[in-house]
1. Residue by residue through the stretch 92-103, note down the ones that are farther than 18 Å from Arg11 by Cβ and either of a type in the set (D, E, K, R) or at pLDDT below 85 (or both).
2. Do we have any residue at all in the stretch 51-69 that's under 22 Å from Phe106 (Cβ atoms) and either open to solvent by 100 Å² or more (accessible area, probe 1.4 Å) or assigned to a loop (DSSP other than H, G, I, E, B) (or both)?
3. Only one residue in Arg11, Arg37 is of a type outside the set (S, T, N, Q), open to solvent by 100 Å² or more (accessible area, probe 1.4 Å) and either in contact with a Phe, Trp or Tyr (Cβ under 9 Å, 6 or more places away or on another chain) or assigned to a strand (DSSP E or B) (or both), so which one is that?
Amino acid sequence: MLQVVKQIKQRSKVKLKRKDITYELWRLDDAEFRKLRQKSLPIKDDYMFYMHFYLSERENKKKLNLAELYVCLTHLFGDSSDWIDDWKGTFSFPVLLVLEKAQGRFFCYTFTE
């Protein structure tokens, strides 16, 4: 007799709520991230947004430096992924972002590095 065994992965999840929107961040493993990346379309980068964001946060004394950010992400989501950016040589924490609001649930993966 053939038995089907489901493997249940333990994953890290962060859940936040602000106003009427619930945000969930689910940690993806490397295989899941690669599959999503192959079957998705990137959102066009808005470099003016990045510039405005950078300039607005430049004087913020509360923002985390790279080491603090790494420690926080490791605490929340576990060890960094094996995925490496050859150009930047940074750590990575691929996550699935789930937004839940009055209009419905929306899914988007993101690659934190």
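The values are calculated or read from the model by the stated rules, or taken from the named source; none is laboratory data. The shown structure was predicted, so the numbers you read here are calculated from the model rather than taken from an experiment. FYI the Cβ positions are ideal-geometry reconstructions off the backbone, even for glycines, and counts take in every protein chain you see. Surface accessibility is based on the protein's heavy atoms, side chains included, excluding ligands, DNA and RNA. Shrake-Rupley method; radii C 1.70, N 1.55, O 1.52, S 1.80 Å.
1. The one that is farther than 18 Å from Arg11 by Cβ and either of a type in the set (D, E, K, R) or at pLDDT below 85 (or both): Lys101.
2. Within the stretch 51-69 (the criterion being under 22 Å from Phe106 (Cβ atoms) and either open to solvent by 100 Å² or more (accessible area, probe 1.4 Å) or assigned to a loop (DSSP other than H, G, I, E, B) (or both)), the answer is yes, since at least one residue qualifies.
3. Arg37
Results for (1) at pLDDT 80 or above; (2) of a type in the set (A, V, I, L, M, F, W, C), shown as yes or no for each residue.
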| site | (1), (2) |
| --- | --- |
| Arg34 | yes, no |
| Pro42 | no, no |
| Arg58 | yes, no |
| Phe77 | yes, yes |
| Lys88 | no, no |
| Arg105 | yes, no |
